[in-house]
Every structure is written in structure tokens, then in C-alpha cells.
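One structure is given here, and the rest of the page talks about it.
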Amino acid sequence: MIETLAPDLRRIVALNPSPLTGAGTNTYLIGQGDLIVIDPGPAMPSHQAEILAALRPGERVSRILVTHTHLDHSGLAPALARATGAPAMGFGRFDAGRSERMRTLAAAGLPDGGEGIDRQFSPDIAVKDGDLIEGLSWSLRILHTPGHAATHVCLAMGNRLFTGDHVMGWSSSLISPPDGDMAAYMASLLRLQAAGSAIAHPAHGPDIADPAGRIAALIAHRRLRETALLDALKGGAMTLADLTAAVYHDTPAHLHAAARRNVLAHVIDLVDRN
């Protein structure tokens, strides 16, 4: 289904619902006539067909931009680029933007958590923090916001903020090292909070009418998890599984595998902060 959010903004939700994607990945079409597609979504031919069907007479896709290199966001980018002739844009390959700490952990053999990293994606055009991307009727400022993923970017367009997976209203973000980085995530939240946007359009779930309030809640949520983790460890050393059960006692057991990755991210951050 195509939702018109504003004259220059449309949204299509991919049919890839799951506990980690909510109702599915939000694909945004920005502009009139000359369009940019944000987060083409998973490699589903049906979703590509819906994107192309959303084009009005005389319109064309001139650029495709992925907020980060997870398959539910970037998987369709190569096929959509071939179909439209538009270049695919992104921060870089899957490990671009990783901190030295995360690079060291990856080199030492720390595995990812199976959250669907797109190791094949390579942008036709690499973007960097502060870049301004412009079309005939739109302009977007790139904000590099690592944390959920090293390659993650958010996009500012006037008082609108496209937040990818970094800020969502229906759920907090998965932070899974070495792709995810808790220290970077918290720093990026503070940066987005300072942006003062009036509305946020996340990559999963509905729009966020109070971005500053939601970001403040996410910061508070992470600090509460950190406090619970430290309290649990007062009784002595614990395995990651037991620590997760203690800290995420309010989370359904089928989500504990993902929660363990968040706990690991917190532990790494706490060690680095001594």
C-alpha cells in the first residue's frame, strides 16, 4: 500500500514482518518528478514492483539511498538500481565506519549475531557525514549515526528526520557487536536529540511525532538496562545467558537471543569506560 505523507513524500511498507522488523521495512519516496528512494528494502520482487508502480506519469528514480547495510534495507538496492538506472548510495561496505575497538573485536573472531548484515552491498556512490544530496524539489543532509550499524546514516530534510533503525517508536534498536556499538549508539542519540526535528520517519513502524521525547526515552531505557546489568553483577560473575535473563526478565524468552547481543554491547561499553 502506498501512503502519501506529504506532497513530496510517500511510504511503502515491505511485506517482511518479524519480531525485529515490526510490520516491515518502510521504503520512502521523496520528491516530485525526480525521486530519491530511501531504504529500498529486502530483495523481494513484489516490493520492487510496488515501488515502480508508485511512480506517477513522468516521474523517475534518480537516486537510491540505504540507511545501513542490513539486508532488510539494502537487499533490493542492486535490482532496483538496474531497473531504474539510478545509482545506489550508502556510507560504504558493511564494515565501513566501525570503531577501532570493533575492528579489533572482529579481527579477534567475535561473530555477529545473525541480524542480516549485507556483506555484498557496495554503494555506487559513497556518502559521508555532512553531505548534502539534492534533487529538483528536495535536499537531504547526511548524518552519520553509527550504533545500530557502523554504516548507519540518518537524513535531515527541513524539520523532518529519517531515522532508519536508530530511532523507532515501536521498539528500541538492536545493538549487536561488532556491527553494533553501544558507545557510538548513545553518542548518535545525543546528536539526533540536538537536531530539534519536528517529526521522525523511522525505517520500521509509524512516524514519531515527538522525536526529542522519544530519543530521551531511548537514552533513559539504555541507562536503566546498564544499571540493572551492574546490579546483577554485584553478586559475582555471570554467564552472558544468565545475565540476559536477569536484565531482560521483562522480555519474552524467544527474544533473548537478540537481547544477549544488547547485553554484550553494554558489557563492552562498560569495560571500555572502566
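Couple of notes before you dig in:
- Cβ-Cβ under 7 Å pairs, at least 6 apart or on other chains, region 99-113 side at negative phi, far side loosely packed, with under 15 Cβ neighbours inside 10 Å and not hydroxyl-bearing (Ser, Thr, Tyr): Arg101/Asp272
- Output for region 97-110, where each listed residue is assigned to a loop (DSSP other than H, G, I, E, B) and out of contact with any strand residue (DSSP E or B) (no Cβ under 8 Å at 6 or more places or on another chain): Arg98, Ser99, Ala108, Gly109, Leu110
- Filtered residues of region 35-58 (kept if open to solvent by 10 Å² or more (accessible area, probe 1.4 Å) and either among the polar types (S, T, N, Q) or not in a loop (DSSP other than H, G, I, E, B) (or both)): Pro45, Ser46, Gln48, Ala49, Glu50, Leu52, Ala53
One line per residue, one yes/no per condition, for (1) more than 16 Å from the chain's Cα centre (by Cα); (2) over 17 Å from Gly75 (Cβ atoms):
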position	(1), (2)
Arg103	yes, yes
Gln120	yes, no
Asp131	yes, yes
Ile142	no, yes
Gly147	no, yes
Leu161	no, yes
Gly169	no, yes
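- Lone qualifier among Thr239, Thr227, Thr145 - being among the polar types (S, T, N, Q) and under 20 Å from Gly130 (Cβ atoms): Thr145
- Considering Ile219, Ile175, Ile215, the condition of being under 17 Å from Thr67 (Cβ atoms), over 13 Å from the mean Cα position of the chain (by Cα) and of a type outside the set (D, E, K, R) is satisfied by Ile215 alone.
- Residue satisfying all of: in region 129-165; assigned to a loop (DSSP other than H, G, I, E, B) and without any contact (Cβ under 8 Å) to a residue 40 or more places away in the chain; surrounded by the most Cβ atoms within 10 Å (Cβ to Cβ) among these: Asp131
- Residues located in region 95-109, provided they are among the aliphatic types (A, V, I, L, M) and either more than 10 Å from Asp179 (Cβ to Cβ) or open to solvent by 80 Å² or more (accessible area, probe 1.4 Å) (or both): Ala96, Leu105, Ala107, Ala108
- Candidate set from region 182-234 (those that are among the hydroxyl-bearing types (Ser, Thr, Tyr) and in contact (Cβ under 8 Å) with a residue 24 or more places away in the chain); member that is farthest from Arg141 (Cα to Cα): Tyr185
- Qualifying positions in region 74-94 - part of a loop (DSSP other than H, G, I, E, B) and buried (at least 23 other Cβ atoms within 10 Å of the Cβ): Gly75, Leu76, Phe91, Phe94
- If the condition is being part of a loop (DSSP other than H, G, I, E, B) and within 12 Å of Pro146 (Cα to Cα), then region 177-201 contributes Pro177, Pro178, Asp179, Gly180, Asp181.
- Count - residues of region 227-274 that are among the polar types (S, T, N, Q) and surrounded by 13 or more Cβ atoms within 10 Å (Cβ to Cβ): 3
The values are calculated or read from the model by the stated rules, or taken from the named source; none is laboratory data. The structure displayed is predicted, hence computed values, not measured ones. Note: ideal-geometry Cβ built from the backbone for every residue, glycine included; neighbour counts use all protein chains shown. We work out accessible area using only protein heavy atoms, side chains counted, and drop any ligands, DNA or RNA first. Shrake-Rupley method; radii C 1.70, N 1.55, O 1.52, S 1.80 Å.
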